[in-house]
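Below: one structure, written as structure tokens.
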Amino acid sequence: MASILLPPAIAAKGFIDAAIPINVTAIAAAAGYGGAIAPAITAITSAGTQIGIIQTALLPSGAIQPPAKIGLNTTAAILLQIATVQASIVAAGSAAAVPATLISVFPAASLLVGTQLATLSATIFTTLIIPQTV
């Protein structure tokens, strides 16, 4: 029987996975990155909400991974990754808004967001979903 924590983990991964192609589209918008990335920000925030649900459920037990399958340390690390991605989006948006940095800083800043989102998706899968399904 799957844990009651599996649905929010799956939902969080889904939100992050949905943000990945939005970032690709936003990169193509270049100077319009800030506006084009807005749906991804909403999705990432929703993922954070789902991770928060898991963390709240774990608080009474004080579970730490390992030995627990899922722990507060895991959810805290994922929430930190989410905050880092959000900060990277702000930095990329700022770089896109300044014509001089659009060519020099923006490409690396926006690609970093994509890398962080892919890493976050994999982390949610390996630390929250797989442990609940095996």
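The values are calculated or read from the model by the stated rules, or taken from the named source; none is laboratory data. Please read all numbers here as calculations on a predicted model, not as lab measurements. With ideal geometry, Cβ positions are generated from the backbone for all residues, glycine too; neighbour counts draw on all protein chains shown.
Restricting ILE16, ILE27, ILE64, ILE70 to residues that are of a type in the set (Val, Ile, Thr) and under 11 Å from the mean Cα position of the chain (by Cα) narrows the list to ILE16. Residue count for the stretch 4-60 satisfying the condition of being loosely packed, with under 15 Cβ neighbours inside 10 Å and closer than 17 Å to ILE124 by Cα: 5. Residues that are polar (S, T, N, Q) and over 14 Å from GLN86 (Cβ atoms) within the stretch 31-64 comprise GLN50, GLN55, THR56, SER61, listed in sequence order. Among residues of the stretch 113-134 being hydrophobic (A, V, I, L, M, F, W, C) and in contact (Cβ under 8 Å) with a residue 24 or more places away in the chain, the one that is farthest from GLN65 (Cα to Cα) is VAL113.
Restricting the first member to the stretch 60-78 and to residues that are closer than 16 Å to GLY48 by Cα, and the second to residues that are loosely packed, with under 15 Cβ neighbours inside 10 Å and of a type in the set (S, T, N, Q), the beta-carbon pairs closer than 9 Å and six or more apart or on different chains are LEU72/SER61. Residues that are hydroxyl-bearing (Ser, Thr, Tyr) and surrounded by fewer than 18 Cβ atoms within 10 Å (Cβ to Cβ) within the stretch 114-132 comprise THR115, THR119, THR123, THR126, listed in sequence order.
Evaluation of ALA96 against the conditions (1) modelled with pLDDT of 95 or more; (2) farther than 21 Å from SER3 by Cβ; (3) more than 17 Å from the chain's Cα centre (by Cα) shows that the sole unmet condition is (1).
The sole residue among SER88, SER104, SER110 that is more than 30 Å from VAL134 (Cβ to Cβ) and touching a residue at least 60 places away in the same chain (Cβ under 8 Å) is SER110. Of all residues in the stretch 19-39, those that are farther than 17 Å from VAL105 by Cβ and hydroxyl-bearing (Ser, Thr, Tyr) total 1.
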